[in-house]
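What follows is a short report on a single structure.
The values are calculated or read from the model by the stated rules, or taken from the named source; none is laboratory data. All values reported here derive from a predicted model rather than from experimental measurement. Backbone-built Cβ (ideal geometry, glycine too); neighbour counts: all protein chains shown.
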Amino acid sequence: MSYSQTIHLHYERLVLTGEVDLHNSPQVRKQLLAILKNGCSVLVDFSELSYIDSSGIATLVEAFNVAKNNQLTLTIIAAAGAPLQVLELTNLNKVFPMVSSLDDIRE
Amino acid sequence: MTSVTQDIIEVKNLVSHYGERQILRNVDFSVKKGEIRVIMGGSGSGKSTLLNHMLALLKPTSGSIKIDQLNILTANRKELSKLRQKMGVAFQGGALFSSMTVGENIKLPLKHHTELDDNTIDIMTRLKLELMNLAGFENLMPSELSGGMLKRAGLARAVIMDPKLLFFDEPSAGLDPVTAVELDELILKLRDAMNMTIVVVTHELESAFKIADKITVLFDGEVVMTGTVDEIKQSSDERIQNLINRRPRNDVVDAEQYIQRLTAGQN
Ligand SMILES: Nc1ncnc2c1ncn2[C@@H]1O[C@H](COP(=O)(O)OP(=O)(O)OP(=O)(O)O)[C@@H](O)[C@H]1O
Ligand SMILES: [Mg+2]
């Protein structure tokens, strides 16, 4: 797994690439919580993500809750394939705001 | 380059005894990555024994077992322990620790094998409880659960580490039909979403036919056949037909041996 972070409009966009698993999800967690701590809403970009395990999903849940409690948002971009199926398996596709591409994000 | 889906399980010529008694007879059993394999067979045919061999809990008399490329009969402790982290097992009896809550039982493997934050571990545990329809039962003791709930809690613990390989002994035994159907759905979803390879031991035909990519039929410790659902249904083997039509076995009675068994030790 690797990630890159860029600014998109007034959001921080975190692009996850490869596989998020037990070994690297703590890194994703640290990154997400830091962004939110800075008072910034976050776009988690799944377009390059091939796999996410439940520690990764749990990390998103925790971050989503922190965002919510701070009047911020956490939006998932371009979930497809196995990662989308994991979100559906856990019904979290009905909880997280999800959009199919970055173009759907407005100010 | 041709891409060949590789076998994640390769059991060859497995022979196993309990004491003097031979249980498995030259069992060959290979499973491909991402496959759902069902093991069927009458009570005592050796299904759980085969499972225990694949988990390296028993030593065979002869034969070879490779799991995820590792020869588990020659592997050292460290290699086995690493492999075990990639395998999830839900045993026939559930096997939760009675002195811990349901939640503590389920998160145990995470506490042991990972450095994840407690928040992450708690959410992972609750996600699995939700998945197994056990939301809210986290703080109960196992003794406060019903049989079906215990079974689901055992499954929650088996998949808590997102194993590559899941072994499940008798998932639907003792469950009501609705819960049993939900469990079948769940097994299919786990494979699709997590790309798990799943080996299920079951007596439930309906469930086997619904979830299996292939079925292996064991009879008296021997593999009678491995095939797709259709191949099994169309098999002309009488033992398979008896199993799927629920006909009692028609054992030939050897009068001499029978009376000897009944009167053993008497003169
Ligand atoms: N720990 C043991 N010690 C001695 N014999 C055993 C032991 N466990 C199982 N056996 C014997 O091995 C044979 C196969 O048992 P096994 O538990 O593998 O059957 P099974 O196919 O799983 O049956 P079931 O459908 O009833 O669970 C049986 O004859 C049983 O008596
Ligand atoms: Mg058994």
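Per-structure values
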| quantity | calculated |
| --- | --- |
| Tabulated pairs, the range B:159-173, first away from every other protein chain (no Cβ under 11 Å), second small (Gly, Ala, Ser) and within 13 Å of ligand 1 (Cβ to nearest atom), C-beta under 7 angstrom, 6+ apart or interchain | B:ASP169/B:SER48 |
| Qualifying residue in the range B:140-158 (condition: over 16 Å from the mean Cα position of the chain (by Cα) and within 13 Å of chain A (Cβ to nearest Cβ)) | no |
| Failed condition for B:LEU70, given (1) in contact with a Lys or Arg (Cβ under 8 Å, 6 or more places away or on another chain); (2) away from ligand 2 (no atom under 15 Å from the Cβ) | (1) |
| Residue under evaluation B:LYS86, criteria (1) at pLDDT below 95; (2) within 16 Å of ligand 2 (Cβ to nearest atom), criterion not met | (2) |
| Matching entry among A:LEU72, A:LEU43 (being over 27 Å from B:LYS164 (Cα atoms) and either touching a His at 6+ places or on another chain (Cβ under 9 Å) or β-branched (Val, Ile, Thr) (or both)) | A:LEU43 |
| Residue match in the range A:49-67 (condition: over 21 Å from A:LEU87 (Cα atoms), in contact with a strand residue (DSSP E or B) (Cβ under 7 Å, 6 or more places away or on another chain), hydroxyl-bearing (Ser, Thr, Tyr) and touching a residue at least 24 places away in the same chain (Cβ under 8 Å)) | no |
| Total residues in the range B:145-174, condition part of a helix (DSSP H, G or I), in contact with a Phe, Trp or Tyr (Cβ under 8 Å, 6 or more places away or on another chain) and either among the aliphatic types (A, V, I, L, M) or surrounded by fewer than 19 Cβ atoms within 10 Å (Cβ to Cβ) (or both) | 4 |
| Selection within the range A:82-103 - assigned to a helix (DSSP H, G or I) and more than 10 Å from chain B (Cβ to nearest Cβ) | A:ASN93, A:LYS94, A:LEU102, A:ASP103 |
| Top-ranked residue in the range B:127-139 [being within 11 Å of another protein chain (Cβ to nearest Cβ) and not aliphatic (A, V, I, L, M); ranked as nearest to B:SER81 (Cα to Cα)] | B:LYS128 |
| Set B:ASP122, B:ASP162: member being more than 16 Å from ligand 2 (Cβ to nearest atom), acidic (Asp, Glu) and either within 23 Å of the chain's Cα centre (by Cα) or closer than 21 Å to B:ILE198 by Cβ (or both) | B:ASP162 |
| Qualifying residue in the range A:56-65 (condition: away from chain B (no Cβ under 14 Å), touching a Leu at 6+ places or on another chain (Cβ under 6 Å) and closer than 25 Å to B:GLU115 by Cβ) | no |
| Index of the failed condition, A:VAL42 passing every other in (1) in contact with a helix residue (DSSP H, G or I) (Cβ under 6 Å, 6 or more places away or on another chain); (2) touching a residue at least 40 places away in the same chain (Cβ under 8 Å) | (2) |
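Yes or no, residue by residue, for (1) buried (at least 19 other Cβ atoms within 10 Å of the Cβ); (2) under 19 Å from A:ASP104 (Cβ atoms):
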{"residue": "A:GLY18", "(1), (2)": "no, no"}
{"residue": "A:SER25", "(1), (2)": "yes, no"}
{"residue": "A:LYS30", "(1), (2)": "no, no"}
{"residue": "A:ILE35", "(1), (2)": "yes, no"}
{"residue": "A:LEU43", "(1), (2)": "yes, yes"}
{"residue": "A:LEU49", "(1), (2)": "yes, yes"}
{"residue": "A:ASN70", "(1), (2)": "no, no"}
